[in-house]
Amino acid sequence: MSTGTRRPRLFTYENGLCAILAVTFGIVFMDRLAVNYLATFIVRDLNLSATAVGLTSSALAITWSLTNIGAGRLSDLMGRRKPLLIVAVVVFSCCSFVSGLATSFAMLIGARLFMGLAEGPVPPMVLTLMADASSRHRIGLNTGLIINGGISLFSAVLGPVLMIALAQAFNWRAAFWIAAAPGLV
């Protein structure tokens with residue numbers, strides 16, 4: 001009865017890992033951009049200038065890019081990516097929570113600097129874990145699902161809607177606290 005063709009299986013380790021990593025990367029990137037989404041609320045509460053908001057976003061980007069390279073190399077040397085990824089996501093989530101506690105520009109930019117340090121390791125580890133677990137003919141597809149599916153869906157589509165809705169329903173601080181929860185889960 002077999003015609004020699006195999007039906008693709010949906011519930012595989014590869015597909016499950018791809019989904020988990022896409023969501024992880026998407027949530028991390030959504031939180032990376034959260035200050036941009038919540039700027040109106042933060043500016044009003046902390047009396048910040050547009051320059052201060054820009055510096056806050058830039059501070060995270062700088063530390064993110066530096067640890068992105070260093071952590072990628074470290075994970076190559078150690079050969080253990082999952083534990084490093086878990087630690088990075090937990091620390092970044094804690095920094096998101098601290099961002100919601102900020103009562104001054106200095107505290108907010110400090111939290112975001114540390115968040116960048118913790119978040120930077122996520123991209124190289126996520127993509128390397130996916131490449132290691134991918135079948136040869138699906139590396140490109142899986143990478144695209146993680147980058148465009150996870151990042152685009154969470155940071156560009158759901159992020160602004162969810163973060164602003166949370167800030168309107170509660171306040172900008174609660175939006176950061178709630179955004180930290182998935183990373184801890």
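Determine if segment 87-96 includes at least one residue that is crowded, with 18+ Cβ neighbours inside 10 Å and either of a type in the set (S, T, N, Q) or modelled with pLDDT under 90 (or both). Let's see the steps before the verdict.
Initially, segment 87-96 is screened for residues crowded, with 18+ Cβ neighbours inside 10 Å, giving 88-89, 92-93, 95-96.
Applying the additional criterion that residues be either of a type in the set (S, T, N, Q) or modelled with pLDDT under 90 (or both) yields 93, 96.
Scanning segment 87-96 turns up at least one residue that is crowded, with 18+ Cβ neighbours inside 10 Å and either of a type in the set (S, T, N, Q) or modelled with pLDDT under 90 (or both).
Taking into account only those residues within segment 60-78 that are open to solvent by less than 50 Å² (accessible area, probe 1.4 Å) and not polar (S, T, N, Q), which is nearest to Asp132 (Cα to Cα)?
Gly72
Is one or more of the residues making up segment 27-37 among the acidic types (Asp, Glu), out of contact with any Leu (no Cβ under 8 Å at 6 or more places or on another chain) and open to solvent by 80 Å² or more (accessible area, probe 1.4 Å)?
If we filter segment 27-37 for residues that are among the acidic types (Asp, Glu), which is where we start, we get 31.
With out of contact with any Leu (no Cβ under 8 Å at 6 or more places or on another chain) added as a condition, the list becomes 31.
Narrowing the set further to residues that are open to solvent by 80 Å² or more (accessible area, probe 1.4 Å) leaves none.
No, the conditions are met nowhere in segment 27-37.
When segment 135-185 is examined, which residues are found to be of a type in the set (Val, Ile, Thr) and either under 14 Å from Ala19 (Cα atoms) or modelled with pLDDT of 90 or more (or both)? Can you show your working first?
The initial filter retains those residues of segment 135-185 that are of a type in the set (Val, Ile, Thr), namely 139, 143, 146-147, 151, 157, 161, 164, 178, 185.
Listed by number, the residues that qualify are Ile139, Thr143, Ile146, Ile147, Ile151, Val157, Val161, Ile164, Ile178.
Here is a yes/no grid of residues against (1) within 17 Å of Ala180 (Cα to Cα); (2) part of a loop (DSSP other than H, G, I, E, B); (3) of a type outside the set (A, V, I, L, M); (4) in contact with a Lys or Arg (Cβ under 6 Å, 6 or more places away or on another chain):
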{"residue": "Phe41", "(1), (2), (3), (4)": "no, no, yes, no"}
{"residue": "Leu77", "(1), (2), (3), (4)": "no, no, no, no"}
{"residue": "Cys94", "(1), (2), (3), (4)": "yes, no, yes, no"}
{"residue": "Val98", "(1), (2), (3), (4)": "yes, no, no, no"}
{"residue": "Gly116", "(1), (2), (3), (4)": "yes, no, yes, no"}
{"residue": "Leu129", "(1), (2), (3), (4)": "no, no, no, yes"}
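The values are calculated or read from the model by the stated rules, or taken from the named source; none is laboratory data. Values in this document were obtained by computation on a predicted structure and should not be read as measured data. Here the Cβ is made from the backbone with ideal geometry for all residues, glycine too, and neighbour counts use every protein chain on show. Heavy atoms of the whole protein, side chains included, go into the accessibility calculation; ligands, DNA and RNA do not. Shrake-Rupley method; radii C 1.70, N 1.55, O 1.52, S 1.80 Å.
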